[in-house]
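The structure appears below as structure tokens.
The values are calculated or read from the model by the stated rules, or taken from the named source; none is laboratory data. All of these numbers come straight from a predicted model, not from anything done at the bench. Cβ coordinates were reconstructed from backbone atoms using ideal geometry, including for glycine residues, and neighbour counts include every protein chain displayed.
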């Protein structure tokens, strides 16, 4: 039996709890030690939630609207009274979402989330363009979300598409000159579409959307813009963006999971990926009335009527983000902020650091044990033992990219959550650095 005050070989590296028989939720650090991420009750114990880019909690206001709409009986495609009431509720929500996105209600296709929106936008646009005589080239910025990467690679592997990856710079930017050169090299008539992120979901880089879409449009090329990480962080105005197709998701702004939208310009056509009813342009399937109502309520709260996150909310988020950045730099001068400097090129709710000598996953587990929820990057790649493709595209060596940690905030983030993170971080860094890289 180990002496009092000493940790056994199978004890949690954070709390000394015995892990002789590993409990569900315990995790192994790079040095083989274990840390227990289930010892705290997330309901009864206070925690800091700094992973809003993965999903943002639903407010009481949105939840109430959602619950009320769930009680609306009737298929909105039915012609009887119940169906017409459901249809009216649906179309009111669609109009509100469309107005907040700067598009016409007829341009808004409701989907089952951001991934479906991206897949319909890219695959549907590619097929329609090919039928219209466009070439097989798809221009895709490096460092994109995996929904875009894997959709484009599927088109390459099964549909004869030719992918041209557009390099991004050390801050995650796709420059206009890079796009112009790629179009010239491929030949405008050979390019079916361009796809890029409005805001990078990992490092928070804001792209010059209108300029990039304008360059593509001048060459006769439609653009698909993934605005999932942009919504609620920066103004998203479809009409002014110049995009042909735009993807968004509800749960990134406190709406329900499994609800999203594809904005499809009036003069743009996509071939459907779902068949069986043609309820919407380019998409079949019974429409989710309650999901649309909750999405509209979340948009109302996060964006407002002028398609711009409220000034007060943006200022509050930026102040907390800058406090977090300054605090991390004072705790660990070796930590490096990745992406653009705080300012107009960076999403206000994003701070992304690499910590030399640390494994990002170790930091996530250690901070989780201390009551702080953060991530190494995209939630879609959680648990996958590989470094960020975004950081590698930005030119980081493997060892530097391994120490990545992403902190993302929303208008609901509280100052005490930042304080909790900064209080827990010194010990987490020390332990992770001691464990080293796997």
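Within the range 142-190, being surrounded by fewer than 15 Cβ atoms within 10 Å (Cβ to Cβ), more than 24 Å from the chain's Cα centre (by Cα) and part of a loop (DSSP other than H, G, I, E, B) holds for 160, 187.
Checked against (1) buried (at least 20 other Cβ atoms within 10 Å of the Cβ); (2) under 16 Å from the mean Cα position of the chain (by Cα), residue 108 passes all but condition (2).
Considering 308, 313, the condition of being over 30 Å from residue 125 (Cα atoms), within 21 Å of the chain's Cα centre (by Cα), surrounded by fewer than 21 Cβ atoms within 10 Å (Cβ to Cβ) and modelled with pLDDT under 95 is satisfied by 313 alone. Residues in the range 251-289 that are part of a loop (DSSP other than H, G, I, E, B), closer than 26 Å to residue 63 by Cβ and touching a helix residue (DSSP H, G or I) at 6+ places or on another chain (Cβ under 8 Å): 254, 255, 256, 257, 258, 259, 287. From 415, 341, grab the single residue that is within 30 Å of residue 175 (Cα to Cα), at pLDDT 95 or above and surrounded by fewer than 20 Cβ atoms within 10 Å (Cβ to Cβ). Within the list 415, 341, the selection yields 341.
Taking the range 191-208 as the range and being outside any strand (DSSP E or B) and on the phi < 0 side of the Ramachandran plot as the test, the residues that pass are 198, 200, 201, 202, 203, 207, 208. Would a scan of the range 372-390 turn up a residue that is assigned to a helix (DSSP H, G or I), in contact with a strand residue (DSSP E or B) (Cβ under 8 Å, 6 or more places away or on another chain), crowded, with 24+ Cβ neighbours inside 10 Å and modelled with pLDDT of 95 or more? Checking the range 372-390: not a single residue is assigned to a helix (DSSP H, G or I), in contact with a strand residue (DSSP E or B) (Cβ under 8 Å, 6 or more places away or on another chain), crowded, with 24+ Cβ neighbours inside 10 Å and modelled with pLDDT of 95 or more.
All of 240, 267, 283 fail the test of being over 28 Å from residue 338 (Cα atoms) and buried (at least 17 other Cβ atoms within 10 Å of the Cβ), apart from 283. Of all the numbered requirements in (1) surrounded by 18 or more Cβ atoms within 10 Å (Cβ to Cβ); (2) modelled with pLDDT of 50 or more; (3) within 30 Å of residue 360 (Cβ to Cβ), residue 93 misses one, and that requirement is (3). Of the numbered criteria (1) touching a residue at least 24 places away in the same chain (Cβ under 8 Å); (2) in contact with a helix residue (DSSP H, G or I) (Cβ under 8 Å, 6 or more places away or on another chain), the one residue 78 fails is (1). For the range 288-305, give me each residue that is modelled with pLDDT of 95 or more and over 20 Å from the mean Cα position of the chain (by Cα). Those that are modelled with pLDDT of 95 or more and over 20 Å from the mean Cα position of the chain (by Cα): 288, 289, 290, 293. Exactly one residue out of 65, 128 is under 22 Å from residue 255 (Cα atoms), at pLDDT 95 or above and surrounded by 16 or more Cβ atoms within 10 Å (Cβ to Cβ): that is 65.
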